[in-house]
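Encoded as structure tokens, the structure appears first; notes follow it.
The values are calculated or read from the model by the stated rules, or taken from the named source; none is laboratory data. Computed from a predicted structure; not experimentally measured. Cβ placement follows ideal geometry from the backbone for every residue including glycine, while neighbour counts extend to all protein chains displayed. The accessibility values were calculated without ligands, DNA or RNA, using every heavy atom of the protein model including side chains. Shrake-Rupley method; radii C 1.70, N 1.55, O 1.52, S 1.80 Å.
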Amino acid sequence: MTSPSHVDDDRGCLRLVLAVPLTLLTLVAAYFCWTALTISPSGTWDDDAYAGIVLSCVLTIGAAGAATVLWLVPSVRRAMPWWWILPALLLGVVAGVRWAVGG
């Protein structure tokens, strides 16, 4: 009789499947963070540019937060190392600083 397969045998496939939503959420966060960093108001009167900065920062933080929540699920954490979430967290921090400084 053969022994059952080890639980870690599917980690490669599971990483590939879980990498898709984490990568997409990180790319969304990167796009909105880039938008928040490239918007420059024409003056103190440019309320639309400031609103765009705030919206971009909120969407960046939201996407980074969604990626973090996905990574915090125990089955995802077992399959994905901690450094998979690091880019999304850094983008969230950059957006938070941009929001605090220029929003």
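Things worth noting here:
- Residue 20 satisfies every condition listed in (1) in contact with a helix residue (DSSP H, G or I) (Cβ under 6 Å, 6 or more places away or on another chain); (2) open to solvent by 50 Å² or more (accessible area, probe 1.4 Å); (3) not polar (S, T, N, Q) except (1).
- Test result for residue 76, modelled with pLDDT of 95 or more and surrounded by 14 or more Cβ atoms within 10 Å (Cβ to Cβ): no
- Looking only at residues in region 79-93 that are within 15 Å of residue 18 (Cα to Cα) and open to solvent by less than 40 Å² (accessible area, probe 1.4 Å), the one that is nearest to the chain's Cα centre (by Cα) is 88.
- Whichever residue in region 23-45 is within 17 Å of the chain's Cα centre (by Cα) and more than 15 Å from residue 86 (Cβ to Cβ) and, among such residues, is least open to solvent (accessible area, probe 1.4 Å): 36
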